[in-house]
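Report on the following structure.
The values are calculated or read from the model by the stated rules, or taken from the named source; none is laboratory data. From a predicted model like this one, the values you see are computed outputs, not experimental measurements. When we count neighbours, we look across all protein chains shown, and the Cβ atoms used for this are built from the backbone with ideal geometry, even at glycine.
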Amino acid sequence: MKASVIGATGYAGVELLRLLDGHPEVQLGVITSESSTGENISALYPHLANRIDMGLASMQNLEQIAAESDVIFIALPHGHAMKIGAQLKYSDVRIIDLGGDYRFSDHKVFEEWYKLRHADPDTKAVYGLTEFYRDEVKNARVVANPGCYTTCSILALAPLFKSGLIKTSGVIVDAKSGTTGAGRSLKLGSLYCSVNENFHAYGVASHRHTPEIEQIYSRLACEPVVIQFTPHLLPVDRGILATCYAELKENVSDESVAEAFEGFYGKEFFIRLLGKGACPEIKNVRASNYVDLGWEIDRRTGRIIVMSVLDNLVKGAAGQAVQNMNVMFGFDEACGLRQLPIYP
């Protein structure tokens, strides 16, 4: 099958190329970049040399790209995918959007948090958190790949909301991401001298992943969940660590928590349950599609602390997109994604 990548020169886009090149069922179709049209991708990213030596096209002729593709990955900042989706509404091509445009069941929530009017509000995409919605993903025409912070945070507390072991109020998500999460474009805050030997919060009480996390928590809990979400920037290239705090209901035992996680994730290939007392580390999931989870209960405060780690460019972006593609086209879900993390 042919897979095309719109926005192939961003960090998520080039990670898609790396993963798709190793996928036995996929041939790369068209790869695009509006800023580097006509250039060879391996000239921009020499690590691809002799493997992906392809010219970068413009996405101006979207209908032709769609006609030559079975699936299109859109790896562009928010605001672009909805215009592409609207233009290809009547095409047979299947779309996986790595941005935020289609992640909300109510497009008004997108407009409120992203400060943009939605260009394709009638398209109902499937939320592509594969472990939760694989049955819906299977038949979807448009899949909204979840955000990196979102994936890490939702996976941490989902079993506890689903099993009713935690309260829906007072939930705190304290998360840290590597600098690739900020994208490839030049920003003062992403410069070496800004990031190196530094650590800071940003988007406090206003980050766009907040309503995305609340949306899925609320579905699992079957009632509204409002969270306090604070992201931080780590002086590393890759990785997210989310430390999530929730108040336990009365008489919840360690065994009940362990059973909830095992029941929810015990058969999931990419979720590694480290168990009670374990503190996951981002280095142990680097360049892989794995998520490591650990937890501890603080009986003094009545809270459970769940820690989760993932690679923001793989399970938090490109890897999860490929995982969704595998489900959509009937491949083994782990096809092309079985690489172990790299260490150190």
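Pairs needed: first member in segment 122-142, without any contact (Cβ under 8 Å) to a residue 24 or more places away in the chain; second member anywhere, surrounded by fewer than 18 Cβ atoms within 10 Å (Cβ to Cβ); C-beta distance under 6 Å; at least 6 residues apart or different chains.
Val126/Glu136
Residues Gly22, Gly55, Gly10, Gly85: which one is of a type outside the set (A, V, I, L, M, F, W, C), over 17 Å from the mean Cα position of the chain (by Cα), on the phi < 0 side of the Ramachandran plot and buried (at least 17 other Cβ atoms within 10 Å of the Cβ)?
After ruling out the rest, the residue left standing is Gly85.
Suppose we filter segment 163-191 for residues that are in a helix (DSSP H, G or I) and within 19 Å of Ala242 (Cα to Cα); how many remain?
Matching residues across segment 163-191 total 4.
Criterion first (touching an Asp or Glu at 6+ places or on another chain (Cβ under 9 Å) and either surrounded by fewer than 15 Cβ atoms within 10 Å (Cβ to Cβ) or among the hydrophobic types (A, V, I, L, M, F, W, C) (or both)) does Leu16 satisfy it?
no
If we keep just the residues of segment 147-162 that are part of a helix (DSSP H, G or I) and of a type outside the set (A, V, I, L, M, F, W, C), which is nearest to Tyr290 (Cα to Cα)?
Thr151
Can you name every one of the helices (runs of 4 or more DSSP H) wholly within segment 1-98 that holds 2 or more residues which are under 29 Å from Pro341 (Cα atoms) and of a type outside the set (Ser, Thr, Tyr)?
Counting at least 2 such residues, we get 11-21, 41-44.
When you look at Leu241, is it assigned to a helix (DSSP H, G or I), closer than 27 Å to Tyr102 by Cα and assigned by TED's automatic domain parsing to the domain that holds Lys283, yes or no?
So Leu241 fails the test.
Please verify whether Gly316 is at positive phi and not aromatic (Phe, Trp, Tyr), treating the condition exactly as stated.
The answer is no for Gly316.
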